[in-house]
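The values are calculated or read from the model by the stated rules, or taken from the named source; none is laboratory data. All of these numbers come straight from a predicted model, not from anything done at the bench. Reconstructed Cβ throughout: ideal geometry from the backbone, glycine too, with neighbour counts over all protein chains shown. Note: accessible area is taken over every heavy atom of the protein model, side chains too, but ligands, DNA and RNA are not part of it. Shrake-Rupley method; radii C 1.70, N 1.55, O 1.52, S 1.80 Å.
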There are 2 protein chains.
Amino acid sequence: MSKYKLAIVMRTDLDMGKGKMCVEAGHATLLAWVNQSELHSTIETRNAWYSEGQFKVILKVKDAHELMWIDELARREGLPVVQVRDFGKTQVEPNTLTCIAIGPALSEDVDKVTGTLPLL
Amino acid sequence: MSKYKLAIVMRTDLDMGKGKMCVEAGHATLLAWVNQSELHSTIETRNAWYSEGQFKVILKVKDAHELMWIDELARREGLPVVQVRDFGKTQVEPNTLTCIAIGPALSEDVDKVTGTLPLL
């Protein structure tokens, strides 16, 4: 078990191909890394996660409603959260919420929110 | 057309599921962003790419041999290149080269190397 993790939670109702999902996961990872919002990881947590191997897990939800529920749960726990909205040049409509990233944070804290979600 | 891009070139011979490919694409994106190697993007290029919307494209090659050939071509062009090697805790053997990232760089320069590769 990694001490720290980044969980990316992806919608599966948008008919995104695997390449598109990879793009969104890349966005999510970088947004989580540069996150300067109110709910951000400390530099110490980010560096610990990075040094440990940047452990990531990709989970799935069935739609935007379920994704926003997970987003809300993560915020209530005070976890770092970023939302990925696509420009919509390909495959999805502009400004579509495609996924969120939770972390980097202690795995045990992330798991409180995402522990029951299935792997993508 | 975006002026700058990051191209991620993924092996397709490793039987990685789409979740695993998303993980590797996330690694590739972050490694390209923090890249401090000899062949790295300038801060100006990185910021321009980021501000423009972090345009990414995910391409595919059939095996490690083809991937290393693309890697070599990119280095010859002086493009920023990072290799992603997996810890091998899941799905692949430890230290397996799964993908590379080329850029962020001017799209026209990246396309010289990756322009003929198919989308993942």
Checklist (1) within 13 Å of chain B (Cβ to nearest Cβ); (2) of a type in the set (Gly, Ala, Ser); (3) farther than 24 Å from B:ASP15 by Cα applied to A:GLY19, failing item: (3)
Single unsatisfied condition, B:GLY103 versus (1) modelled with pLDDT under 95; (2) closer than 27 Å to A:THR90 by Cα: (1)
All positions within segment B:24-42 that are open to solvent by less than 20 Å² (accessible area, probe 1.4 Å) and of a type in the set (A, V, I, L, M, F, W, C): B:ALA25, B:ALA28, B:LEU30, B:ALA32
Residue, nearest to the other protein chains (Cβ to nearest Cβ), within segment A:1-16, restricted to residues that are open to solvent by 10 Å² or more (accessible area, probe 1.4 Å) and in a strand (DSSP E or B): A:LYS5
Among residues of segment B:16-49, those that are of a type outside the set (Gly, Ala, Ser), closer than 18 Å to A:ASP86 by Cα and in contact (Cβ under 8 Å) with a residue 12 or more places away in the chain, counted: 2
Test for B:GLU66: is it out of contact with any helix residue (DSSP H, G or I) (no Cβ under 8 Å at 6 or more places or on another chain), more than 24 Å from B:TYR50 (Cβ to Cβ) and surrounded by 12 or more Cβ atoms within 10 Å (Cβ to Cβ): yes
So A:VAL34, is it of a type in the set (Val, Ile, Thr), under 16 Å from B:CYS22 (Cα atoms) and within 14 Å of another protein chain (Cβ to nearest Cβ): no
Those residues of segment B:43-61 which are open to solvent by 70 Å² or more (accessible area, probe 1.4 Å) and either away from every other protein chain (no Cβ under 14 Å) or in a loop (DSSP other than H, G, I, E, B) (or both), in sequence order: B:GLU44, B:PHE55
Segment A:70-94, residues that are within 12 Å of another protein chain (Cβ to nearest Cβ) and over 9 Å from the mean Cα position of the chain (by Cα): A:ARG85, A:ASP86, A:PHE87, A:GLY88, A:LYS89, A:THR90, A:GLN91, A:PRO94
Members of segment B:74-119 that are open to solvent by 50 Å² or more (accessible area, probe 1.4 Å) and not in a loop (DSSP other than H, G, I, E, B): B:ARG75, B:ARG76, B:GLN83, B:ARG85, B:LEU106, B:GLU108, B:ASP111, B:LYS112, B:LEU119
